[in-house]
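Chemist: A single structure is presented below for examination.
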Amino acid sequence: MRKTYGAMVVVVAIALYASSALAADSACPSGGTPAPGSKVKALEVDGVCVLVGVKVVGGLTVDATGALSLQSSTVGGGITVVPGGELDLNATTSGAGVPTGTSSTVDGGIAVLKAFDLDFWTATVNGGIAVDGTSAISLPTFCGNIVHGSSSFSNFALLGTIGGGIAFVGVPCGGNFFDGSVSLTNLTTDMGGNTIKGDLLCTNSKVIVTAPNMITGKNTCY
């Protein structure tokens, strides 16, 4: 049931993409990059967009040509990433995804379908994370995040990192705190130092344990 829920989150979010993009009150970078300290109602990312200290109150979509670096910012209404889009939370974009040492908050969850690349560092996500699919060159990385709500990760083309060890960019990857269950489907990932206040559920997946994980519920992965 948890796996189905995660898939439903992605499907619903992508189905709403067209209407949310049309409702966006601005686009970045084609309509200009919001300045630090500014607030926008809703935003569509249609190219390389770096947001620093920005508040998006009505949701954010990253389209197929979009690459977003979100730093020291807040998003209400959630983030949707459609096939081909790139999302880097508190990390540089259009490259290795080097962490910036900042923190950002996303209210409403994050739904991702077949992203070009993903790097999530030191973010707070209220509403869970649902990721389905990565590109053939992506090494998806999730380090030091606080996630409230159930999360699902599926169909990684290459090795993922969900806490623990050293990330691809050579920086230590802190464990994540998941306040809910985590499901993994059709992937291989490093995992270490995570706290999961729920189940860790695997379907056709391999977990490489790089450091102990604290799991409250059942563990079907290792």
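Chemist: Within the range 153-204, work out how many residues are among the aromatic types (Phe, Trp, Tyr), in contact with a Ser or Thr (Cβ under 6 Å, 6 or more places away or on another chain) and outside any strand (DSSP E or B).
Modeler: Looking only at that region, the number is 1.
Chemist: Mind checking which residues of the range 97-138 are under 20 Å from Val48 (Cα atoms), in contact with a Phe, Trp or Tyr (Cβ under 6 Å, 6 or more places away or on another chain) and either of a type in the set (Phe, Trp, Tyr) or surrounded by 20 or more Cβ atoms within 10 Å (Cβ to Cβ) (or both)?
Modeler: Pro99, Phe120, Thr134, listed by residue number.
Chemist: Turning to a different aspect of this structure: Could you list, in sequence order, the residues of the range 140-151 that are surrounded by 21 or more Cβ atoms within 10 Å (Cβ to Cβ), closer than 21 Å to Val171 by Cα and either modelled with pLDDT under 95 or not hydrophobic (A, V, I, L, M, F, W, C) (or both)?
Modeler: Pro140, Thr141, Asn145
Chemist: Has the range 103-117 got any residue that is β-branched (Val, Ile, Thr) and farther than 20 Å from Leu187 by Cβ?
Modeler: yes
Chemist: Would you be able to say whether some residue in the range 184-200 is touching a residue at least 60 places away in the same chain (Cβ under 8 Å) and either of a type outside the set (Asp, Glu) or buried (at least 23 other Cβ atoms within 10 Å of the Cβ) (or both)?
Modeler: Yes.
Chemist: Scan the range 96-128 residue by residue and report those that are at pLDDT below 95 and either on the phi > 0 side of the Ramachandran plot or part of a strand (DSSP E or B) (or both).
Modeler: Residue satisfying the conditions is Gly97 alone.
The values are calculated or read from the model by the stated rules, or taken from the named source; none is laboratory data. Just so it is clear, the structure is predicted and the values come from calculations on it, not from any experiment. Methodologically, a virtual Cβ is constructed for each residue, glycine included, from the backbone with ideal geometry; neighbour enumeration extends over all protein chains shown.
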